[in-house]
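**Student:** The following block contains the structure, expressed as structure tokens.
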Amino acid sequence: LVAPRRSWCAAVGDLHLHEGCRTLPPMVQADGTRFGLPKGLVRPPSSDALWEWYSSTGRAARDPDPSWADVWDSAACLAQHVRATPADVQDKRVVELGSGLGVCGIAAALSGAKSVEFVDREPEALHCAMATAQLNGCADVTARLATFGDEDGESPTFDVVLASDVLYDARDMEALAEACKRLAPRALIADPRAGRAEGAR
């Protein structure tokens, strides 16, 4: 799937859940209907607010990526696709690589997936994804702190890989392709039309 390169930031009227502390960033409950999440979406107020929290708590040294605080159009596009074509995930074991806020995996869970696992390198993103899954009443959802290269296993353990906005760097493409091939017989990947390094497709 190919989508334009835009993000959906938190908006006026979002319910503030947490002001932020040493262990958790500030979080809001945002409207999730555009992504097929009827009960809402748990997320930082913005990527700027998340970066400020990273900096103020000493986490900037680990080179975090605050872009997960926004829902990018390719994630929205893939989530809408999953909700519109539930047969792609129904009764299947699904893994979302580079899950960020987890909108695609949650869309799969709400579309009848047997199980969903979020995989991301940012622990706070996984916290938000799991909170959103619980908010929307999703069962059989788990999270794992990892990158594409950390995935292991001799045979596929899932039926479908979901991924969106993961084609940033051509150097990561081999690891992503190998992870998809190793984890499941099918992959659905969404990416914007522009804004990628040459060779990253």
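The values are calculated or read from the model by the stated rules, or taken from the named source; none is laboratory data. Because the structure is a prediction, the values reported are computed rather than measured. Here Cβ is always computed from backbone atoms with ideal geometry, including for glycine, and neighbour counts include all displayed protein chains. Quick note on the areas: whole protein, heavy atoms, side chains included, nothing else; ligands and nucleic acids left out. Shrake-Rupley method; radii C 1.70, N 1.55, O 1.52, S 1.80 Å.
**Student:** In the full protein assembly as shown, how much of T23 is accessible to a 1.4 Å probe, in Å² to the nearest 10?
**Tutor:** 90
**Student:** Give me the dipole magnitude in Debye, nearest 20, for the chain about the Cα centre, with unit charges on the beta carbon: positive for Lys and Arg, negative for Asp and Glu.
**Tutor:** Values: 21 positive and 29 negative charges, 85 e Å.
Taking the Cα centre of the chain as origin, the dipole is about 400 debye.
**Student:** For the chain, what % of the accessible area comes from carbon and sulfur atoms, probe 1.4 Å?
**Tutor:** Within the chain, the accessible surface is 52 percent carbon and sulfur.
**Student:** Now, a different point. For W72, which sequence-distant residues (separation of 5 or more, or a different chain) have an amide H within less than 5 Å of its own amide H, given hydrogens modelled in the peptide plane?
**Tutor:** W8
**Student:** How many Å² of accessible area per residue for the chain, probe 1.4 Å?
**Tutor:** Counting only protein heavy atoms, the per-residue value for the chain is 47 Å².
**Student:** Among the aspartates and glutamates, which have Cα under 12 Å from the Cα of K39 when same-chain residues fewer than 8 positions away are ignored?
**Tutor:** D31
**Student:** I've got another one for you. Quick check: residue separation of T142 and H18 times 0.36 nm, minus the Cα distance between them. What number comes out in nm?
**Tutor:** Numbers: separation 124, 0.36 × 124 = 44.64 nm, distance 2.25 nm.
Here the segment from T142 to H18 would lengthen by 42.4 nm.
**Student:** Under the rule of at least 5 residues apart or a separate chain, name every residue whose amide H is placed under 5 Å from the amide H of Q29.
**Tutor:** The list, which skips near neighbours in sequence, is L15, H16, L17.
**Student:** Continuing with this model, one more query. Return the long-range amide H neighbours of T142 (sequence gap of 5 or more, or a different chain), with a cut-off of under 5 Å between placed amide H atoms.
**Tutor:** Those qualifying (amide H under 5 Å, at least 5 residues apart or on another chain) are V116, E117, F118.
**Student:** In addition: Running a GNM on the chain with Cα contacts under 10 Å, which residue among D88, D120, D63 ends up with the highest mean-square fluctuation?
**Tutor:** D63
**Student:** If I compute Cα Rg over 2.2 N^0.38 Å from the structure I just sent, which labelled value in (i) 1.26; (ii) 0.96; (iii) 1.51 lines up?
**Tutor:** (ii)
**Student:** In region 62-171, what GluC sites (Glu not before Pro) fall in a loop by DSSP, with at most 14 other Cβ atoms inside 10 Å?
**Tutor:** E154
**Student:** If the reach is capped at under 21 angstrom between alpha carbons, list the lysines near K92, excluding any in the same chain fewer than eight residues apart.
**Tutor:** Answer for K92, where 21 Å is the Cα cut-off: K114, K181, listed by chain and number.
**Student:** Run lengths n ≥ 4 of DSSP H only: what is the helix-derived mean residue ellipticity at 222 nm for the chain, with -39500 (n - 2.57) per run over all residues, to the nearest 500?
**Tutor:** After summing the helix terms and dividing by residue count, I get -8000 deg cm²/dmol.
**Student:** Now a separate question. At a Förster distance of 22 Å, what's the computed FRET efficiency of A177 paired with D150, Cβ-Cβ distance as r, to 0.05?
**Tutor:** That gives a FRET efficiency of 0.90.
**Student:** Using Cα springs under 10 Å in a Gaussian network model of the chain, which residue among V95, V166, V116 shows the largest mean-square fluctuation?
**Tutor:** In this elastic network of the chain, the residue with the biggest mean-square fluctuation among V95, V166, V116 is V166.
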